[in-house]
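First up is the structure itself, then whatever we jot down about it.
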Amino acid sequence: MMFGEGLVNLPSIMKIRTPTTLCWLLDKRARLAGKITYIEEKLQNFASLSEKVDRLRQDLLAIDHTISLYEIPVDPTQVPSIKPLPNARALPWGRMTRAIYRCLATDKTRAFSALEIATFVMRNEDVTFSAEGFIHFRMAIRRRLKSLLYAGKVTRLQTANGRRSAYWQFKDIDQCDKPELDHD
């Protein structure tokens, strides 16, 4: 079914131009169905988070029980909670840089985009992200590439048409053989 072209897969009797109001209703229906699918996917994520919270609560109860076994009286509910960092590292310290170097060393004559490098790093380091998480990971790769640029390790090549995306490669071909491992 193509919206905006005027013909819809209707019975053979109705092979005439589709009225604009029907096109609007079909478009509205498609958008609502898409929203429902999107929300259902989010609900599945929340269901898995709910299960994870239940397991963590069981662990917390076990630790509270263990604390109560000590002779020193401590009220575990009075211990303030520590929230995890919202922007925790996707990779341990230094692994992102080494993975970037491995990607750039796969083809010493070719320049790679940040998207290609991020995909390479993600596959080789066995990390997975949601769509939004991958966008943040790609930005982290870009930030790391910029710091490597300022350190003189890589070179940024602009595209011919002047678009924002740049391509990256080692600054010196000799450096590809033994890149100095700079850390995140």
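Read-outs throughout are calculated quantities, based only on the coordinates presented, and are distinct from any laboratory measurement. Quick caveat: nothing in here was measured; it's all calculated off a predicted structure. Counting neighbours? That spans all protein chains shown, and the Cβs are built from the backbone with ideal geometry, glycine included.
A few remarks follow.
- Inter-label distance for residue 143 and residue 35, nm, one decimal - labels placed 7 Å from Cα along Cα-to-Cβ: 3.4
- Kirkwood Rh, angstrom, region 34-135 [1 / mean 1/r, Cα pairs]: 18.2
- Rh (Kirkwood; distinct C-alpha pairs) - region 95-177, Å: 13.0
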